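FYI, it's all coordinate maths here, none of it is from the lab. Everything numeric here is computed off the predicted structure, so don't read it as measured data. Cβ sites come from the backbone with ideal geometry, for glycine too, and all protein chains shown count toward neighbours.
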Amino acid sequence: MALVGCPAPGAPVATIDVEGRVVAFDGTPLAGVLVHADGELTATHADGTFTLEGVASPYTLTLGGGGSEPWVHAYEGLTSATPVLAPNVDVSQPFTSYGSVTGTVWGGSQLASDQVVVVCVEGSVFPVRGCGRAEGGATTYTSPAFWSGGAVAPVRVHALRMRVDALGRPVAYLGYETHEADVGHQGSTPVDVLPLGALDASRFHGTIVPAGGGLLVWSGAWVRLDEVLGLPFFTQTPGAGYLDMNAPHLGDGSAVVAAVADHPTGWAFAWLTTPITEAFDLRLPEPPSLLGPVDGATGVTAATEFRAIGGPTGAKEFRWSPSTGVGGPVVSLTTASDVARMPDPTVLDFHLVPGGEYAWSVSGVAGEDLDAAVGAPVLPWLYVVYAGDLLGLSGSGAIATSLTRTVTLAP
């Protein structure tokens, strides 16, 4: 494990008070998360904040949580006194409540064969996410709604109606409207939508290029309504290397375009925010390559070095997941180094299983230094792809993850 900024022997050690915050990938605060650094142990408050005093800098911060899928995530070599941490927690965990919004899309009449209505929900008090759509010929829609805590979620329902060509590309925007509603946990709230009023649109076009022989498997675009909410106006599987269509004049006049690529050594996900009137150029990086241990290695201990090279230039996240039936927490380490050792989960009273088999992989976050990358989780693309929503993606970024190897811990 590389030492960062070690003081000369006998020199005083710089200490700082760390006032941080732990959030899910969509910015939802995570309460009750265990936090350890420099011998101090605490837990996050309801708003996700925590305080540790007199921590030697640079420092290693270890987070952990229990439940049905326990996890531990360590951050090595931090210097920030106010880190915002988005640990690599399973994406389903932040959502403790769910419901739906459903209704007619065109006064009960069928949509024309070349029309699509996209309906998304946005929390008006706390984060709520979910999107649905109705294709040509449909009379109704259903949009899921996911949130954390509370039996009732106040939401704003956004509906966008568009005409598409034979390839599903928007050619005209026929209406947009919003409604206020309350969604109950495990309930279905009726909201009929009738988006009217043609919208101005501009040509939206650009290239999507995966590095290293990657194959595009998915691409999509959203018009941004605010920092964390976008309405998807185009998605495509498999992805296209060039997009050329109309984008509506909504929100701040910008859009987010994103894509996923498969590589011989893993996969990559990238996104960027761009004015809809400017051509874009989205580049997907190569994934990191694993050097060692070899696949199937046995006798792994806390001293075993895990090595990876390449991938995006920035921080790397090493991740170890126990095989089915092994038990124990999923363990992750975010570091600026290409070399890592498994973090010690016992500082949080979590334990790995001696002799257990673990799968490991490495993700790289493009262009981020360590203190910035701790708030850039590697999993948001799952909900972007499968829920069609825009969750916490703003600015630009790229993530690439290696293939997986397995190792077995020493007995």
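Considering only the other residues whose Cβ falls under 14 Å of the Cβ of residue 308, what net charge follows from Lys and Arg at +1 and Asp and Glu at -1? Summing Lys and Arg as +1 and Asp and Glu as -1 gives 0.
Gyration tensor over the Cα atoms of the chain: the corresponding equivalent ellipsoid has semi-axes (square roots of 5 times the eigenvalues, largest first) of 41, 24, 20 Å. Going 7 Å from the Cα of residue 353 in the Cα-to-Cβ direction, what parts of the range 309-325 have a backbone nitrogen less than 16 Å from that spot? The answer is 320-325.
Given the Cα-Cα distance of residue 126 and residue 68 and 0.36 nm per residue of separation, how much length would full extension add, in nm? Provide the component values of the computation, followed by the final result.
Working: separation 58, 0.36 × 58 = 20.88 nm, distance 2.49 nm.
Result for the pair: 18.4 nm of gain on full extension.
Per residue, the average separation of C-alpha pairs within less than 8 Å and at least 6 apart gives the range 201-284 a relative contact order of 40 percent. If R0 is 45 Å, the Cβ-Cβ spacing of residue 53 and residue 142 corresponds to a FRET efficiency of close to 0.35.
Over the chain, dividing the summed -39,500 (n - 2.57) contributions of all DSSP H runs of at least 4 residues by the number of residues returns a 222 nm mean residue ellipticity of -500 deg cm²/dmol. Cα centroids of the range 132-192 and the range 199-264: 20 Å apart. Once both labels are positioned 7 Å from their Cα atoms along Cα-to-Cβ, the gap between residue 182 and residue 110 label points is 3.8 nm. Under the simplified labelling scheme, the residue 151-residue 40 pair shows an inter-label distance of 4.0 nm, with each label point 7 Å from Cα along Cα→Cβ.
Relative contact order of the chain, please, whole-number percent, based on alpha carbon pairs below 8 angstrom and at least 6 residues apart. Spell out each step's value before the answer.
Numbers: 1192 pairs, mean separation 63.0, N = 411.
Relative contact order for the chain comes out at 15 percent.
Free of any GluC sites (Glu not before Pro) that DSSP assigns to a loop and that have at most 16 other C-beta atoms within 10 Å, the longest stretch within the chain is 1-134. Under 20 Å from a label point set 7 Å out along the Cα-to-Cβ vector of residue 403, the amide N atoms of the range 206-247 belong to 210-217. This model, with +1 at the C-beta of Lys and Arg and -1 at the C-beta of Asp and Glu, gives the range 201-284 a dipole about its Cα centre of some 140 debye. Normalised by 2.2 N^0.38 Å, with N the number of residues, the alpha-carbon radius of gyration of the range 201-284 equals 1.06. Rounded to 0.05, the FRET efficiency of the residue 200 and residue 313 pair, given R0 = 51 Å and the Cβ-Cβ distance, is 0.80.
Expressed in nm to one decimal, what extension gain is obtained for the pair residue 215 and residue 79 from 0.36 nm per residue of sequence separation less their Cα-Cα distance?
Numbers: separation 136, 0.36 × 136 = 48.96 nm, distance 3.77 nm.
Extra length from residue 215 to residue 79 when fully extended: 45.2 nm.
For residue 286, nonlocal amide neighbours, meaning residues 5 or more places apart or on other chains whose placed amide H falls under 5 Å from its own, are 211. Taken as Cα centroids, the range 39-118 and the range 294-326 sit 23 Å apart, rounded to the nearest whole angstrom.
Amide H contacts of residue 138 (H built 1.01 Å from N, in plane; Pro and chain starts excluded): 111 sit under 5 Å, all sequence-distant by 5 or more or on other chains.
Report the far tail of the P(r) of the range 61-154, meaning the percent of Cα-Cα pairs longer than 16 Å.
On the way: 2965 of 4371 pairs.
Beyond 16 Å sits 68 percent of the P(r) for the range 61-154.
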